[in-house]
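Right, one structure below, let's go through it.
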Amino acid sequence: MQDQAKLALENTKFTPFWLDNPDRPAAEAHLTTAITTDLLIVGSGFTGLWTAVQAKEQNPDRAIVVIEANTAAIGASGRPGAILSTSLMHGMENSNRLFKNDMEELERLGKENMDQFRDTIEKYNIDCDIEWTGELTVAVGKHGIDDIEGEHELYVKFGHDAHLLDKKQIQAEINSPFFEGGLWSKKRSGTIHPAKMAWGLKRVAKDLGVVFYENTPMLTSKTRGQQVFINTPEGSITANKVILATNAFTKHKKKISTRVAAIRDRIVMTEPLTEEQLAELGWKNRQGIYDTRTQLNYMRLTKDNRVLFGGRLGYFFDNDTDPEHDKTPEPFIKLVGMLYKTLPALKDIKISHAWSGPIALTTRMAVHYQYYHGGKMIYAGGYSGFGVTASRFASRVALAIVDDVDIPERNLEFAKTVPAWIPPEPFRWIGAKITMYALDTCDAKGGWRIPWLTLVDKMGFPLKP
Ligand SMILES: Cc1cc2nc3c(=O)[nH]c(=O)nc-3n(C[C@H](O)[C@H](O)[C@H](O)COP(=O)(O)OP(=O)(O)OC[C@H]3O[C@@H](n4cnc5c(N)ncnc54)[C@H](O)[C@@H]3O)c2cc1C
């Protein structure tokens, strides 16, 4: 299997498939002067872009500037599996684990958020290959069946159109020897082309009057009177309010990393499938799929019928987010092996693209807010790999916080509290390495891995060995 995986990776581009697109917009100019603005947004991924669009929709006259260290969607937003979900807090189970008392309201807000996400795409004609095919959780092994049955109860309780599938029914949806059953939530979920979505939001924000500077990292920030003063390499910004939409990137504000670990997740993308491969695979309903393995894998089809297969974690010392670390075949060999085992219909298929992306992991696995400069600057992030649609909601709440507008969402637990502290280096790196090794080998070997993963689970990271 290893040799076959190496062969499949021989002509691979180690860059995100989503960004390898002739329609990628040209970079904006970088900032070379001293400017002032009412609202400054730092970071041009989904959080920054949704903040910009919603802030202008609320108040068209407001002066808004976005600065981005690189170009739009270069972070997690141009790299995800991009399976859409209504959940605002990293899935139904996680939400129920953390915010039981707020579940009713979070579920209502999640559905409302998805409807408004859809309305924005339609209103502004954003071309983003969206497919409303639903999300499907597939059970691997006996404990996978228990997982989906528990989750199904929650889906039904909170009014989702969700259906349990037995082994025969799941095999009719997708041909895999691993899948024992499934839970298909049919409405308000599916898949999207994330980079096209982000570029579309950027176009909308620009049309509404937002000013963008790219290749313009924020270096430092300090309070200056009633405002915040930001330094960039060749310019500066004085802003009344600032939103840090920088998610897993923590170099500019080390304090963020006391709650956020920049974990890598890896993805491989196949060449487009032939008609025969597609027929053998089944997958006619084209759902976004997650499985229930300890080291979760997820998969989906693209518009041109490639299979995206993801889910192999990594960590680099000191929250390093540099994508250059994942530009060789080695980190992807096991993932390709898992793809072949999971979907044997693709046994010889070549990998066109492979990449990693930074996930802002927290013990709550969902967005939280941190405060700087007397609340004039706030950080909004920590989606832990589940933020394509949640970022729209999170940025709406971020705006209300920074503008001190009293909306009911601010009284929910997630907005008032922060996730647990995460140990600094070198303990973080050592812990991450042992955990990733344990995750990798737990299902096959068990042993010490189970108590270790249980301990990590007890620390707040839900690993469920
Ligand atoms: C491999 C992978 C798979 C995923 N799959 C899914 C999925 O299937 N479904 C789902 O819902 N979510 C998924 N996610 C998560 C989702 O992509 C993220 O939650 C979401 O994109 C976060 O958006 P963001 O804008 O907060 O962060 P980012 O997109 O990371 O944006 C942060 C931006 O800030 C910029 N920046 C950083 N520092 C500075 C600075 N000092 N100055 C200026 N700019 C700065 C960065 O360059 C970057 O562009 C996945 C993520 C990854 C990595």
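Quick notes on this one:
- Criterion violated by Y372 - all others in (1) open to solvent by less than 10 Å² (accessible area, probe 1.4 Å); (2) hydroxyl-bearing (S, T, Y); (3) touching a helix residue (DSSP H, G or I) at 6+ places or on another chain (Cβ under 9 Å) satisfied: (1)
- If you filter segment 413-437 down to residues that are under 22 Å from the mean Cα position of the chain (by Cα) and not in a helix (DSSP H, G or I), you find that the one that is nearest to L313 (Cα to Cα) is I422.
- Taking residues in segment 233-262 that are without any contact (Cβ under 8 Å) to a residue 24 or more places away in the chain and under 16 Å from I41 (Cβ atoms), and partners anywhere that are more than 11 Å from the ligand (Cβ to nearest atom) and open to solvent by 10 Å² or more (accessible area, probe 1.4 Å), not one pair has Cβ atoms closer than 8 Å while being at least 6 places apart or on different chains.
- One residue stands out in segment 440-454 among those that are assigned to a helix (DSSP H, G or I) and without any contact (Cβ under 8 Å) to a residue 60 or more places away in the chain: the one that is surrounded by the fewest Cβ atoms within 10 Å (Cβ to Cβ), namely A444.
- Pairs where the first residue, in segment 73-87, is at positive phi and the second is aliphatic (A, V, I, L, M) and near the ligand (Cβ under 6 Å from one of its atoms), C-beta under 9 Å, 6+ apart: A82/V388
- Note on segment 206-232: among residues that are without any contact (Cβ under 8 Å) to a residue 12 or more places away in the chain and over 27 Å from I126 (Cβ atoms), the one that is least open to solvent (accessible area, probe 1.4 Å) is F229.
- Any hit, segment 129-146, residues being modelled with pLDDT under 95, at negative phi, surrounded by 20 or more Cβ atoms within 10 Å (Cβ to Cβ) and not aliphatic (A, V, I, L, M): yes
- When S356 is tested against (1) surrounded by fewer than 24 Cβ atoms within 10 Å (Cβ to Cβ); (2) in contact with a His (Cβ under 8 Å, 6 or more places away or on another chain), just one condition goes unmet, and that condition is (1).
- Verdict on T238 being closer than 30 Å to N59 by Cα and surrounded by fewer than 21 Cβ atoms within 10 Å (Cβ to Cβ): yes
- If the condition is being of a type in the set (D, E, K, R) and closer than 11 Å to I267 by Cβ, then segment 307-335 contributes R312, D326.
- Test: V388 is away from the ligand (no atom under 15 Å from the Cβ) and at pLDDT 90 or above: no
- Checking N94 against (1) touching a strand residue (DSSP E or B) at 6+ places or on another chain (Cβ under 6 Å); (2) more than 9 Å from the ligand (Cβ to nearest atom), the condition it does not meet: (1)
- G181 being at pLDDT 95 or above, crowded, with 20+ Cβ neighbours inside 10 Å and part of a strand (DSSP E or B): yes
The values are calculated or read from the model by the stated rules, or taken from the named source; none is laboratory data. Given the structure is predicted, the values throughout are model-derived calculations rather than measurements. Methodologically, a virtual Cβ is constructed for each residue, glycine included, from the backbone with ideal geometry; neighbour enumeration extends over all protein chains shown. Each accessible area value is taken on the protein alone, full model and side chains, heavy atoms only, with ligands, DNA and RNA left out. Shrake-Rupley method; radii C 1.70, N 1.55, O 1.52, S 1.80 Å.
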